[in-house]
Amino acid sequence: MACRVLDSKRQEGWASDAPALTEHEDRWILPFRGLTVTQVQVDFAFGLNLDDKGAVRISSPATLGWVGAGANPEKVEMIPEQQDVAAGLSLFNTEVKLAVAFKSGGLRMVFGNGRLLRVAPDGRYEPWTATGRTAC
């Protein structure tokens, strides 16, 4: 059974046009692959808007490093509640290659510029949220 959805321009389309959230035993693959970071937001959280089709908002400390850290071992801890997120500006205008939400509460995102963003689970509250359009 297919369902119909409205996009942001109020045009009707089929939900199958939207990427699907994929569930695995210990994680979900978020449907952000191929989207570009078109806006970085800073307040008491660190936010990434993705082509106006998705968004990630991080409210706990996060680590920004590199894929294959052997060549670039540097890691930067970002602390959103203190607005200590300047390193995250390097994600602007980069493509999301992979976004994984772990059932334990963590988040991992890989970007086209080689950056790796990790958010650890937090037992007290939700350290991050993600929104976007998915198939129903």
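The values are calculated or read from the model by the stated rules, or taken from the named source; none is laboratory data. Everything numeric here is computed off the predicted structure, so don't read it as measured data. Using ideal geometry, Cβ is built from the backbone for each residue, glycine included, and neighbour counts are taken over all protein chains shown. Note: areas computed on protein heavy atoms with side chains; ligands, DNA, RNA excluded. Shrake-Rupley method; radii C 1.70, N 1.55, O 1.52, S 1.80 Å.
Key figures for this structure:
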quantity: Accessible area in the full protein assembly, largest first, 1.4 Å probe, for 103, 75; calculated: 75, 103
quantity: Rounded to the nearest 10 Å², the accessible area of residue 129 at probe 1.4 Å; calculated: 60
quantity: Electrostatic dipole magnitude of the range 18-136 [Cβ: Lys, Arg +1; Asp, Glu -1; Cα centre; debye, to 20]; calculated: 260
quantity: Residues in the range 21-41 that a label on residue 113 would reach, taking backbone N under 12 Å of a point 7 Å out along Cα→Cβ; calculated: 37-40
quantity: Contour minus Cα-Cα distance for residue 21 and residue 76 (0.36 nm per residue); calculated: 16.9 nm
quantity: Accessible surface of residue 97 - all protein chains present, 1.4 Å probe, nearest 10 Å²; calculated: 80
quantity: Ordering of 90-96, 24-30 by burial proxy (mean other Cβ atoms within 10 Å per residue, highest first); calculated: 90-96, 24-30
quantity: 17 Å tail of the calculated P(r), the range 31-136, as % of Cα pairs; calculated: 49
